Structure formats: structure tokens, C-alpha cells
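Please treat every number below as a calculation from the coordinates, not as lab data. None of the values given here were measured: they were computed from a predicted structure. FYI the Cβ positions are ideal-geometry reconstructions off the backbone, even for glycines, and counts take in every protein chain you see.
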Amino acid sequence: MKQRALGQQGLTVSAQGLGCMGMSFAYGEADEAESIATLHRALELGVNFFDTAEVYGPYTNEELLGRAFKGRRSEAVIATKFGFDIRNGANVGVTSDPAQIRAKVEGSLRRLDTDYIDLLYQHRVDPQVPIEDVVGVMADLVREGKVRYLGLSEAGIANIRRAHAVHPISALQSEYSLWERNLEDDIIPVLRELGIGLVPFSPLGRGFLAGTAKRAEEYPPTDFRHLDPRMQGANFDANMQAAQAVRDLAAARGVAPGQIALAWVMQQGDDIVPIPGTRRRSNLEQNAAAAGITLSAADTAALENALKQVAGLRYSAERMATVDR
């Protein structure tokens, strides 16, 4: 797989990464052996950019990657995140207390069984702590060699600018897809002005654009999608109808719907590296093959027109409150 640059500081990764959250968190039980086989298969396919976080589990996802890449650390570019208050095994809110950041990163290093993190994100902006103080500690970790590059997740324009003024930011992680395009008017232009890459998570709309999503009510309460407004009631029906354009184009091209959705994201710029999540080799192989699909201007226009109106909010009000917009 071809490589792309994230930011202007030297971070180069595969043009598509792998979101690892579902291997340990949010989407029900996973098969660890299959998850590790999927991680190893990614390396074989040239996918070398892996996304995790301390809150995934909590902690167990980082531990999984540590086991999977033991003896192969140099082959993987690992991104992890801090920014949630984890107590007694549960996430109880957002926090980026500068006094705790170093301890959190030391914990990630231990669980990942490594002496450096390739890309360290602040997972969510903490409105109680100036971003300059947070990035100041992160920058110290870069100078100490424990972290190579810095990123933000779900940050807004003002905090992106303020953070970047303290230490160069290489990447912003945020949701972006045919299904969720809120970044286009304001965020992406600022990223390009500052030379910051974009790492879209959920580029398949949590399975909706791939044609695999079910109604929210059909997922157990422990599944992240159970509270997804776009998968509830009449919203599900309206969005399924809108996403028919993806399925129709995929059928005409003889490919999977998810491949069309990923191809669209990847064609939005060479500074964009999506991280579709999966825990199975078959899905990984299908996703990776999307890098070889080119959409015409007519294809792109038809997709965008069909999905310009999406029914339902992106997140529940509680989840949306942690997004810095």
C-alpha cells in the first residue's frame, strides 16, 4: 500500500490505517486470536498505522497491541490517546490534568510493551485545562524521546491553532465520511493552512455505509451503536434509503459498498488517512483493496448528492458534549 504524510514533521504512514478499538471495546466480544491474526495480516498488506487508546477496554486494547507486535515493533506505527478520567475500570469523564499526563503515557508505554509512541493524541479537549498546558507536557515527552509526533482528537479550530503554536501538531483525528461531513467548511481548511493531516475514524459510518448496520435497538446496551441516533427508528429507514446510492454504485462496479465509501474518503486528499475499524482478516482485506478504487467525478457527485441529508444527530447529546465544536 502507498504511504501518505501526516503533517509536516516527518510522520509517514500507510494510506489507510486500522482502527483497533473494536478488538477489545464497544462492539461486543471479540476473538483475540483472530484480532491478532488481523493485526499481522495488516502488516503483510502494507497497512502499518494502528490506532488505539487507553480508554479502549479500558487498557486491554493497548495490551492486545503490545502482545501482537512483540518482536515486530519497528514494523508498526502506533497511535494512542489519553484524555479520559478512568476510575475503577470505567470512564467517568474528560480530563487532561497536566499532572497526570506523564503517568498516563507511562502506562500506555508499559501496556504497549514499547519505549516510544509514534503518535500521541489528546483524546478529547478538556475545557478546564488550557490546551497550551496540555501540549506543553506532550512536547516535553517528544523531547525525551517517549513520543515521536503529536495529535488532537475532535478538537475545534481555536484549540487546533493554540495547540499548534506550542508544538507542531501532525494529525487531527475526527469522524469524517460520506455519512458525516461536518469538517469540510471550517476544520479541513484550517488543517491544510497549518499543514496538519486528518485521520478519519468511522469512515464506514459504523457499518451503515458498508451495508452491515442493524437498527440501534437490535444491538445490546453494551454496544456503542445502541445509542446511535442515526440508527434509531425512522432515522434508520431514511438513512438506509440514502445509502442505497453507495450499494448501487458498488454493485455496478462489482465491489463491496464499504470499498466505495472508503475510496471516497481516500480521494478527498493525500493528507487524509482513514482508519476503518475491524477485527477480522476478511474485512481488513476488503478495506485495504479500496485503496485501488478510483471514483469518477460523476460517481462522487452522485454519492454526495444522495447523502447530503442524513437523518439524526451524529451522537447522543451526552457524547456530543465532549466534541470541541
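Express in whole angstrom the spacing between the alpha-carbon centres of region 109-126 and region 256-289.
24 Å
Summing Lys, Arg as +1 and Asp, Glu as -1, what charge do residues with Cβ under 10 Å from the Cβ of residue 69 carry, residue 69 excluded?
That sum, taken over residues with Cβ under 10 Å, equals +2.
Based on the Cβ-Cβ distance from residue 161 to residue 12, what FRET efficiency comes out when R0 is 30 Å, to the nearest 0.05?
0.75
Could you tell me the calculated FRET efficiency between residue 116 and residue 70, based on Cβ-Cβ distance and R0 = 22 angstrom, to the nearest 0.05?
Calculated transfer efficiency: 0.90.
For residue 100 and residue 282 in the same chain, what is the full-extension length gain: residue separation times 0.36 nm, less their Cα-Cα distance, in nm?
Residue separation times 0.36 nm, minus the Cα-Cα distance, leaves 61.6 nm.
Find how much the distance from residue 212 to residue 270 grows on full extension, using 0.36 nm per residue of separation minus their present alpha carbon separation; answer in nm with one decimal.
Roughly 18.1 nm would be gained on extension.
Hey, in the GNM for the chain with a 10 angstrom Cα cutoff, which one of 233, 151, 207 fluctuates hardest?
233
More than 38 Å apart: what percent of Cα pairs in the chain qualify?
Within the chain, distances greater than 38 Å cover 8 percent of Cα pairs.
Which length gain, in nm to one decimal place, applies between residue 60 and residue 90 when the Cα-Cα distance is subtracted from 0.36 nm times their residue separation?
9.6 nm
Among 83, 269, 254, whose mean-square fluctuation peaks in a Gaussian network model of the chain (Cα, cutoff 10 Å)?
254
In a GNM of the chain with a 10 Å cut-off on Cα contacts, which of 70, 146, 81 has the highest mean-square fluctuation?
70
In whole angstrom, how long is each semi-axis of the equivalent ellipsoid of region 232-325, when you take the square root of 5 times every eigenvalue of its Cα gyration tensor and sort them from largest down?
For region 232-325, the semi-axes come out at 24, 18, 15 Å.
If we count every other residue with Cβ under 15 angstrom of residue 186's Cβ, Lys/Arg +1 and Asp/Glu -1, where does the sum land?
-3
Specify the inter-centroid distance of region 180-246 and region 6-39, based on alpha-carbon positions, in whole Å.
18 Å
Could I have the simple spin-label model distance between residue 298 and residue 186, label points 7 Å from Cα toward Cβ, reported in nm to one decimal?
Calculated label separation equals 3.7 nm.
Evaluate the Debye formula for region 171-275 with equal point scatterers sitting on the alpha carbons, no solvent, and hand back log10 of I(q)/I(0) at q = 0.13, 0.18, 0.21, 0.23 Å⁻¹, in q order, two decimals.
Reported log10 I(q)/I(0), two decimals: -0.52, -0.90, -1.08, -1.18.
Please list, by residue number, everything in region 280-310 whose backbone N is under 17 Å from a paramagnetic label point 7 Å out along Cα→Cβ of residue 241.
In region 280-310, the label zone of residue 241 (backbone N under 17 Å from the point 7 Å along Cα→Cβ) covers 305-310.
Sum up the charges of everything whose Cβ sits under 13 Å from the Cβ of residue 141, counting Lys and Arg as +1 and Asp and Glu as -1, but leave residue 141 out.
For residues surrounding residue 141, the net value is 0.
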